[in-house]
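A short worksheet on the structure shown next.
The values are calculated or read from the model by the stated rules, or taken from the named source; none is laboratory data. Predicted, not measured: the structure shown is a model, and the values here were computed from it. Using ideal geometry, Cβ is built from the backbone for each residue, glycine included, and neighbour counts are taken over all protein chains shown.
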Amino acid sequence: MGESVTYKILREHLVDGTLDPGSEIGIRIDQTLTQDATGTMAYLQFEAMGIPRVKTELSVSYVDHNTLQMGFENADDHRYLQTMNANFGIHYSRAGNGICHQVHLERFGRPGATLLGSDSHTPTGGGIGMIAIGAGGLDVAVAMGGGPFYLACHRVVNIMLTGSLRPWVSAKDVILTVLGILTTKGNVGTVVEYTGPGVATLSVPERATITNMGAELGVTTSVFPSDEVTRAFLKAQGREAAWIELVPDSDAVYHRTIEIDLASVEPMVACPHSPDAIKRAAELRGMKITQVAIGSCTNASYKDLATVAKILAGKKAHPDVSLIVAPGSRQVFEMIARDGSLADLIASGARIMESACGFCIGSGQAPVTEGVSLRTNNRNFEGRSGTESAQVYLVSPELAALSAIAGELVNPLERPVAEYPSVAVPDRFIVDDSMIVPPSPTPVDIFRGPNIGEPPYTEPLLDSIAGVVGARLGDKITTDHIMPAGARLKYRSNIPKYAQFVFEGVDPAFAAAALANKQKGVYTAVVAGQSYGQGSSREHAAICPMHLGVRLVIAKSFERIHSANLVNFGIVPLVFANPTDYDAIVKGDAFTVSNLREAVKSMKTVTVKIGGKNCELEIVASERQREILLAGGLLNYTKQAR
């Protein structure tokens, strides 16, 4: 029986368990990446482990999220990162060098390697033939210390691509088509692997767009084979030596196969407020717009922006449209500057932003009240843009550029084929790694500003817990709902401060009430519906509730990264054995649970009395995760094991 690319890489890196779908495995991690919104806490946790130097092949710390230095907090944290990284063997990518996923693809990713990143869009690396996985910062810290990364062995879904894309149709339309098929729910424990003759028609940047937004499916990662297209990309980056051929066996077995003829794909749009609210562009043509934002780790490659520049050349953005363009990396920025593309973008009226996450995470460029914003990024959760009433639609760079000129959403297929500006991936990229600071060979003083706190610890799991239901929420609660991003991210290293904003946009009274209860010895439970914890890998969505006294989260289902993060910080994730029990629970209900430690040790279910009714709840944790819960979290568990 042949193997998929996924299983070939996992088998090569397997250090614990067996490759049986559903069972827990531990894999060796070759590379790690962090970004500054999650990295500060990850490195504080790494320091707390007492390990003198990272043990990975390569670890890189990127500054790309909080580059707007309004106040001292972000600047201080960046200085902490640089000095800490220098001491512990970590490369530091300075602010302005680019978005972590774009830069890592360009300069460090290698086929056949494993990559663990403290950002949910780390699967971008799958575009180059890596098993690249997003995780919480504490999991990344453990991997940097040489520990395995544990996860459920996956079922692999094969998306077989045939044909080739038509002019005016892009890789973004491919992943939006996939989201329309698989949706954002029900894909936990899955890897998506792309195969078929259509793969060879897609460049590495196009593949990376598809694997990047695979995160929105809720899958662990997505992966393409490493072929001659991959080799050409690495050669153009001056890294051909990193290439290996890595393709599935002809008789590889998959859990499910979905066939997509690329020639049949058409321009698609993800409508507010979910990446799987998919419609054809033809259905929305003529919709008036107020903003177009082009960039992010999804669509800010050289190919993307050179294509946009050719569309905009000699034209002006509509007077009612604010046009924003942000290159994904300094490499891309310099290349479009040198070939004239940047001049065409500026002449069109585009506002040029730095190479950072920016508008994608709500850090600047918020739309006008009730504005309609077309964006090439990967998420359009309500309020994420910084404007609660805005309507954000996710589109391809081609559709975005054409619509910016027209002032309304355009169906690109209505444009003449002869006008399509075909752009090839360059034979040679500009390579300048001078803004990536290598580790120091000698010790340096670590800078710790007043915004840097201590890594959070929890007590070992209590046997009996009593408290109240502090929030009763619906389906698809994202980590943005739990912990707001944007301007609030500057408090990421100061847990007591950041915790004041838990559920700020959902229930502004939650944080103060939970903290008051904690001070009285009363714990808090959170109750939610399907797919709790969608979106970012931001572990603060577990850390900050833990700080407020949350010890149980009960949901109909969880997303993978957030469920693991809850365990890592001593919060027990539970699902309803009888989903109808959810209907009877209201905010403010008292709850009690006894014999919890024994239940976590050896039982599948635990009985929690909520509002006077006994609810049977299933514990969402592997055998190893149960040990972590008993210890009070992964940091306690790791220190005990050393």
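The figures follow:
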{"quantity": "Of all residues making up the stretch 581-606, the number that are modelled with pLDDT of 95 or more and either assigned to a loop (DSSP other than H, G, I, E, B) or of a type in the set (Ser, Thr, Tyr) (or both)", "calculated": "7"}
{"quantity": "Some residue of the stretch 117-134 being within 19 Å of Phe88 (Cα to Cα) and assigned to a strand (DSSP E or B)", "calculated": "yes"}
{"quantity": "Of all residues in the stretch 196-212 being among the aliphatic types (A, V, I, L, M) and touching a Leu at 6+ places or on another chain (Cβ under 7 Å), the one that is nearest to Met130 (Cα to Cα)", "calculated": "Ala208"}
{"quantity": "Contacts under 7 angstrom Cβ, first residue in the stretch 536-562 being on the phi < 0 side of the Ramachandran plot, partner charged (D, E, K, R), 6 or more apart", "calculated": "Ser536/Asp480; Ser537/Asp119; His540/Arg492; Leu548/Lys518"}
{"quantity": "Selection from the stretch 278-296 of residues that are part of a loop (DSSP other than H, G, I, E, B) and either among the aliphatic types (A, V, I, L, M) or assigned by TED's automatic domain parsing to the domain that holds Val178 (or both)", "calculated": "Met287, Ile289"}
{"quantity": "Some residue of the stretch 257-277 being in a loop (DSSP other than H, G, I, E, B), out of contact with any Ser or Thr (no Cβ under 9 Å at 6 or more places or on another chain) and among the aliphatic types (A, V, I, L, M)", "calculated": "yes"}
{"quantity": "Candidate set from the stretch 321-359 (those that are in a helix (DSSP H, G or I) and modelled with pLDDT under 95); member that is surrounded by the most Cβ atoms within 10 Å (Cβ to Cβ)", "calculated": "Phe359"}
{"quantity": "Residues of the stretch 197-212 classified as surrounded by fewer than 22 Cβ atoms within 10 Å (Cβ to Cβ) and of a type in the set (A, V, I, L, M, F, W, C), total", "calculated": "2"}
{"quantity": "Any hit, the stretch 177-191, residues being modelled with pLDDT of 95 or more, closer than 16 Å to Lys476 by Cβ, in a helix (DSSP H, G or I) and in contact with a Pro (Cβ under 7 Å, 6 or more places away or on another chain)", "calculated": "yes"}
{"quantity": "Candidate set: the stretch 612-642, residues that are within 15 Å of Val575 (Cα to Cα) and among the small types (Gly, Ala, Ser); chosen: the one surrounded by the fewest Cβ atoms within 10 Å (Cβ to Cβ)", "calculated": "Ser622"}
{"quantity": "Of residues in the stretch 478-510 being in contact with a Gly (Cβ under 9 Å, 6 or more places away or on another chain) and at pLDDT 95 or above, the one surrounded by the most Cβ atoms within 10 Å (Cβ to Cβ)", "calculated": "Ile482"}
{"quantity": "Boolean, Pro456 is over 28 Å from Ser348 (Cα atoms) and free of Cβ contacts under 8 Å to residues at least 24 places away in the same chain", "calculated": "no"}
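Conditions (1) crowded, with 21+ Cβ neighbours inside 10 Å; (2) in a loop (DSSP other than H, G, I, E, B); (3) small (Gly, Ala, Ser), marked per residue:
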{"position": "Tyr7", "(1), (2), (3)": "yes, no, no"}
{"position": "Arg11", "(1), (2), (3)": "no, no, no"}
{"position": "Pro21", "(1), (2), (3)": "no, yes, no"}
{"position": "Ala37", "(1), (2), (3)": "yes, no, yes"}
{"position": "Ile51", "(1), (2), (3)": "no, yes, no"}
{"position": "Lys55", "(1), (2), (3)": "no, yes, no"}
{"position": "Gln102", "(1), (2), (3)": "yes, no, no"}
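For every residue, the table says whether it meets (1) surrounded by fewer than 20 Cβ atoms within 10 Å (Cβ to Cβ); (2) over 22 Å from the mean Cα position of the chain (by Cα); (3) not assigned by TED's automatic domain parsing to the domain that holds Arg624.
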{"position": "Gly136", "(1), (2), (3)": "no, no, yes"}
{"position": "Val142", "(1), (2), (3)": "no, no, yes"}
{"position": "Gly146", "(1), (2), (3)": "yes, yes, yes"}
{"position": "Val156", "(1), (2), (3)": "no, no, yes"}
{"position": "Thr162", "(1), (2), (3)": "yes, yes, yes"}
{"position": "Lys172", "(1), (2), (3)": "no, no, yes"}
{"position": "Leu182", "(1), (2), (3)": "no, no, yes"}
{"position": "Gly189", "(1), (2), (3)": "yes, no, yes"}
{"position": "Val192", "(1), (2), (3)": "no, no, yes"}
